[in-house]
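Comments concern the structure below.
Bear in mind that the values in this text are calculations on the coordinates, not laboratory data. As the structure is a prediction and not an experimental result, all values here were calculated from the model. Virtual Cβ from ideal backbone geometry, glycine too; neighbours counted across all protein chains shown.
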Amino acid sequence: MLKQFFILCSGADSQILSTCSEGEQTKYAGVGATVFFTAVMAFIASAYALYTVFDTLYASIFFGFVWGLLIFNLDRFIVSTIKKRDNFIDELIQASPRILLAVIIAVVISKPLELKIFQKEIDQVLLEEKNTMTLANQEEIAKQYNPEIDALKSEISALQNEVRTKESEVNALYNTYITEAEGTAGTMKLGKGPVYQEKRDKHDAALTELQQLKHTNAEKISGLEAQMGQLSTNYEKQVSDTQPIIDNFDGLMARVNALNKLPWLPSFFIFLLFLAIETSPIFAKLLSSKGEYDFKFQDQETTVKSWVEQKVNERKLLVQTDHSINNKIYNDIADEDELYQYKRKKARELMQLQANAFFEHQKKSL
């Protein structure tokens with residue numbers, strides 16, 4: 001049962017192969033097994049690749065199964081259409097397009113399996129790329145908010161400097177009237193005289209202005225800090241909204257690019273493995289000598305070809321003979337006087353009918 005199934009997979013004529021030796025049947029069963037297991041690997045590879053893209057198990061299995069059937073049909077077609085010839089160069093030229101197609105199929109099959117085999121290494125590369133992208137994204141978003149935040153900080157700093165300047169002025173006035181009272185500066189008289197009072201009043205007025213300035217600037221600083229807080233909130237929200245895009249940066253193309261950043265040698269050997277599997281039935285047919293099946297298949301093919309050519313030639317001869325006979329018959333009839341007189345009589349009657357019809361038409365017109 002299994003042997004017959006693999007023979008079916010090989011694309012060989014099971015009716016002819018059943019009349020061949022056991023060894024010949026085993027050879028084609030091996031070719032069919034290679035075709036079958038290549039299709040199985042194609043199914044696994046495509047299902048994984050589609051699952052990476054769509055993240056849906058049942059859809060990935062279904063479309064992977066369809067892809068496996070397609071690869072199975074292509075491989076079976078490739079193997080079954082390679083015919084043994086007497087010249088190896090002719091066979092190689094015949095198989096060259098099929099070898100090229102096998103190489104393409106090997107690339108398509110091997111790449112998703114490479115992604116699965118090197119999944120941990122690819123995840124590490126993607127993690128590093130995501131971290132780099134996250135930092136770059138934060139810096140790029142910060143460029144939108146930093147100028148406004150810096151401007152607000154400058155305004156706050158200016159307001160704070162204004163208060164400090166006023167405090168320095170008040171402190172200087174305080175020292176002035178204190179030293180006036182102590183007699184260490186100013187009039188150099190100890191006690192609280194008119195000059196002291198004048199300086200004290202000036203200090204008290206400046207102190208009142210300082211308190212009012214502190215209150216006003218505090219309100220302004222509070223408003224500016226609220227704006228800075230809102231900008232910071234907007235920045236964090238934008239970073240948070242864009243982060244899922246970076247977190248989901250693990251699709252098929254991203255993984256293929258990450259795979260290309262890994263050392264190429266292991267990936268190349270996996271490709272060679274699938275290339276060997278995919279092309280092995282073709283090269284097995286090319287390198288093997290003509291077997292019993294090939295001779296019987298050629299005998300059946302040439303039999304049909306000879307029979308068809310014979311039928312075509314017979315039809316051509318039949319047409320040529322019939323044409324010659326018809327020419328001879330019509331030539332003989334053309335020389336008969338009886339036929340001439342008969343056709344002459346009928347022609348006269350036809351011309352009379354035409355003349356009568358023309359006369360009646362002209363008569364009605366008048």
Requested in this report: Can you tell me how much longer the chain between Thr26 and Lys214 gets when fully stretched, taken as 0.36 nm per residue apart minus their C-alpha distance, in nm with one decimal?
Outcome: 57.6 nm
Report summary line: Under the 7 Å Cα-to-Cβ spin-label approximation, Lys290 and Asp247 lie apart by a distance in nanometres of 6.9
Query raised in the report: Label 7 Å along Cα→Cβ of Ala59; segment 240-255 residues with amide nitrogen under 20 Å?
Result: 245, 248-255
Query raised in the report: If you place +1 on the Cβ of every Lys and Arg and -1 on the Cβ of every Asp and Glu, how big does the dipole about the Cα centre of the chain come out, in debye to the nearest 20?
Result: 1380
Report task. Take Gln119, project a point 7 Å from its Cα along the Cβ direction, then tell me which residues of segment 46-77 have their backbone nitrogen under 14 Å from it. Result -> 46-53, 55-57
Query - Potential extension, Gln4-Val256 segment - 0.36 nm per residue separation minus Cα distance - result: 86.8 nm
**Report entry** At least 27 Å along the helix axis (C-alpha) and Kyte average at least -0.5, DSSP helices within the chain
**Finding:** 22-54, 57-80, 88-117, 264-287
**Report entry** Relative contact order (%) - the chain, alpha-carbon pairs under 8 angstrom, separation at least six
**Finding:** 22
Query - Length added when fully stretched, Gln94-Leu231, from 0.36 nm per residue minus Cα-Cα - result: 42.3 nm
**Report entry** Efficiency of FRET between Ser306 and Ser14 - r from beta-carbon atoms, R0 22 angstrom, step 0.05
**Finding:** 0.40
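Applying 1/(1 + (r/R0)^6) with R0 = 51 Å to the Cβ-Cβ distance of Tyr145 and Phe77, what FRET efficiency is obtained, to the nearest 0.05? Please list the in-between numbers first.
Values: r = 62 Å, r/R0 = 1.21.
Efficiency computed from Cβ-Cβ geometry: 0.25.
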Query - Net charge over other residues, Cβ less than 15 angstrom from the Cβ of Ala106 (K, R count +1; D, E count -1) - result: -1
**Report entry** Share of alpha-carbon pairs per 10 Å distance bin for the chain, given as whole %
**Finding:** 4, 12, 12, 10, 8, 7, 7, 8, 8, 7, 5, 4, 3, 2, 1, 1, 1, 0
Report summary line: Under the 7 Å Cα-to-Cβ spin-label approximation, Ala355 and Leu272 lie apart by a distance in nanometres of 10.2
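Going by average Cβ neighbours within 10 Å, how do the peptides 226-234, 32-40 rank, with the highest at the top? Working shown, then result.
On the way: 226-234: 12.8, 32-40: 20.6.
Result, highest mean first: 32-40, 226-234.
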Query raised in the report: What trypsin sites (Lys or Arg not before Pro) does segment 26-111 have in DSSP loop regions with at most 14 other beta carbons within 10 Å?
Result: Lys83
